[in-house]
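Trainee: Sending over a structure as structure tokens; questions will come in a sec.
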Amino acid sequence: MNKVLWFIYADNITTTKGGFKVMAASSYPMHGSKANWSQLVSCSSPREVILGSNIEHQMYCHLLCGLRNSDSLDGIRAPYAISLINVFSLLESRWEQLCDDLEHGVPSSKISDVVMKDSVTEVLGGPQPELSRRIRVICEDKNWGGIVYKLWPNVRYIRCVTTGSMKQYYPRLKHYAGEVPLLGGDYFASECC
């Protein structure tokens, strides 16, 4: 089964003074007694990453899991284009640490959530020196144009909102995507609530 590198987060639920839960729209399906995890069966990251409490650590772990599953990824998803811009910025600045983590088979010691770290360690499946070398060679070039196809050769699409206020991020996202098509399959608006 092909996997999807899905940058989804189900954290930061707060309760208003009136007792209403406030959360991101992407968090809603993952909470409560009727949580529907079956829609995430193809996600390359474990549930513990999605439920983490530190967005930067979650993003890093999603990316690390996606790199580990680089040959079996079919698509890359995020709710909004800005999310993926942040991911690729993280890749540009932390690719050496990501390669070290793959080489040693454990996430960075900077990942403080033990449950999330243990679940990612399991996904890594031990040291991956060959994969680490391949990714290192690609990233050392520091040519980020078309990086999606270079790192994930089987990815057929990137799906996120690139319209409305996200339209400004389209050119930069397209730079990273190269020839990989950008799909906008979701529509979010405050009027839909």
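The values are calculated or read from the model by the stated rules, or taken from the named source; none is laboratory data. Owing to the predicted nature of the structure, the values given are computational and were not obtained by experimental measurement. For the accessible areas, the whole protein counts, side chains as well, though only heavy atoms, and no ligand, DNA or RNA atoms are used. Shrake-Rupley method; radii C 1.70, N 1.55, O 1.52, S 1.80 Å.
Trainee: Under a 1.4 Å probe, what is the accessible area of segment 36-109 per residue, stated in Å²?
Mentor: Working: 2610 Å² over 74 residues.
The answer is 35 Å² per residue.
Trainee: Give 142/174; 3/142; 17/110; 150/174; 3/174 a once-over and call out the pairs whose C-alpha atoms are over 24 Å from each other.
Mentor: Long pairs (Cα-Cα over 24 Å): 3/142; 17/110.
Trainee: May I pose another question? Straight-line reach only, C-alpha to C-alpha below 18 angstrom: list the lysines that residue 21 could link to, leaving out same-chain residues fewer than 8 apart.
Mentor: 34
Trainee: Carbon and sulfur together cover what percent of the accessible area of segment 63-193 at a 1.4 Å probe radius?
Mentor: The nonpolar share, carbon plus sulfur, comes to 51 percent.
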